[in-house]
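Data first, discussion second: the structure below is written as structure tokens.
The values are calculated or read from the model by the stated rules, or taken from the named source; none is laboratory data. Given the structure is predicted, the values throughout are model-derived calculations rather than measurements. Please note: Cβ atoms are built from the backbone with ideal geometry, for glycine as well, and neighbour counts cover all protein chains shown.
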Amino acid sequence: MPKRSPQTFHVLIDTCVWLDAAKDYQQQAILAALEELIRHGDIALILPRIVVDEFNRNKARIIEESSRSLSSTLKRVKDVVEKFGDPRQKRNVLRQLNEVDHRLPTLGEAAVGAIGRIEKLFAGTSIIETSDAVKLRAAQRAIDKRAPFHRQRNGIDDAILIEIYANSVAAKAPAGTRYAFVTHNTKDFSHPNASNKLPHPDMGPYFSRVRSLYFITLGEALRRIRPAQFADLMIEQEWVEEPRRLTEIVDSIGELIDKVWYNRHQVRREMIEDGRTKLVEKETFPVKDHAKRPIQRDIWEGALKSAAKVEKKYGLDNLGPWDDFEWGMINGKLSALRWVLGDEWDMLDT
């Protein structure tokens, strides 16, 4: 076990942060820095059983997705090149894509390696079981509709997580002991009406400006906890922010297109339900009034099936409704990514 001192930071890292560290090769340097800070006793993990169990349930999926998501994207790119590519360059492009395809299994191996490193950190940490008192306080949050139950969803695991953290902060400890909570789940843990770097007001009593800190990225947490050591470790790891790969851009465009289309579909659905738009067996042309244009029934039935697929793929929690700011961000991201790949600005067709 690493040697601890009153200056040791006790850090609870949410499961989503561990999973993202495992699947994103760009976070390998951050993971290495965390390992070093733990080894030197600068950081001690607060490790709830619920985090370990959730990580174990999802690690196989992370390994599979690390190569599968890129493989499916690469296949789509190859199909496009095959159909529409410049005949003079097509062979060379396809050869390079095939070389990338051949190397894809190494991405899965990288995820396996990261998962092994995380499990080693878990093995060296005492696991905190969920007490009855924690369960009761988490249940009371649900009754009171306090975060993380403020979004009409089952947030019992998140509630247990924050209550275990609260126990740690409240426990008797040497003077100067400090704590930190790290999560990527800003919708459930962050302030809904201010910066998402602030905790939700329902959890505010568990945090302070000095003794108990809230972070939404692991890198930011490590930088705040041990600035000099973290900077040195990053230099040692030669960590740089690499440009996004084409596959990441294409995947992001696909997701944003799905979400924009789904929002428009829901608007059209409301118009049908309240009678502003009619369903007809067969649409007639030319259309005289586009504002009152009906929808052909079989086309609408196909749209409903497509919407169900989108809901299954992303989950209803990730499909809105969004406020004006969030909706603007989604459309802005889609426009920017399409511009990078050659479209004109404000190209939002779905």
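Listed by position, the helices (runs of 4 or more DSSP H) inside region 210-306 whose residues that are over 30 Å from Ile43 (Cβ atoms) number at least 3 are 246-273. In a residue-by-residue description of region 122-133, the property of being modelled with pLDDT under 95, more than 27 Å from the chain's Cα centre (by Cα) and loosely packed, with under 11 Cβ neighbours inside 10 Å applies to no position.
Figure legend. Inter-residue proximity from region 11-33: first residues over 16 Å from Phe55 (Cβ atoms), second residues of a type in the set (Gly, Ala, Ser) and buried (at least 19 other Cβ atoms within 10 Å of the Cβ), beta-carbon distance below 9 Å, spacing 6+ or different chains. Indicated pairs: Tyr25/Ser66; Tyr25/Ala111; Tyr25/Ala114; Gln28/Ala21; Gln28/Ala114; Ile30/Ala21.
A Cβ distance below 6 Å, combined with a sequence gap of six or more or placement on separate chains, defines the contacts here; from region 133-162, residues that are within 14 Å of Asn185 (Cβ to Cβ) reach residues that are of a type in the set (Val, Ile, Thr) and in a loop (DSSP other than H, G, I, E, B) in the pairs Ile160/Thr130.
Residue under question is Lys197, and the condition is that it be within 19 Å of the chain's Cα centre (by Cα) and on the phi < 0 side of the Ramachandran plot; does it hold? Spell out the reasoning first.
Numbers: within 19 Å of the chain's Cα centre (by Cα): yes; on the phi < 0 side of the Ramachandran plot: yes.
Taking the combined requirement at face value, the residue satisfies it.
Pick out the one residue from Asp323, Asp317, Asp289 that is without any contact (Cβ under 8 Å) to a residue 60 or more places away in the chain, under 21 Å from Arg151 (Cα atoms) and among the charged types (D, E, K, R). Give the steps one after another, and end with the answer.
Values: Asp317 fails: without any contact (Cβ under 8 Å) to a residue 60 or more places away in the chain; Asp289 fails: under 21 Å from Arg151 (Cα atoms).
From the options Asp323, Asp317, Asp289, the qualifying one is Asp323.
Looking across region 169-186, just one residue is surrounded by 17 or more Cβ atoms within 10 Å (Cβ to Cβ) and charged (D, E, K, R), and that is Arg178.
Let me confirm something: among Ile216, Ile225, which residue is in contact with a strand residue (DSSP E or B) (Cβ under 6 Å, 6 or more places away or on another chain) and surrounded by 14 or more Cβ atoms within 10 Å (Cβ to Cβ)?
On the way: Ile216 fails: in contact with a strand residue (DSSP E or B) (Cβ under 6 Å, 6 or more places away or on another chain).
Going through Ile216, Ile225 in turn, the sole match is Ile225.
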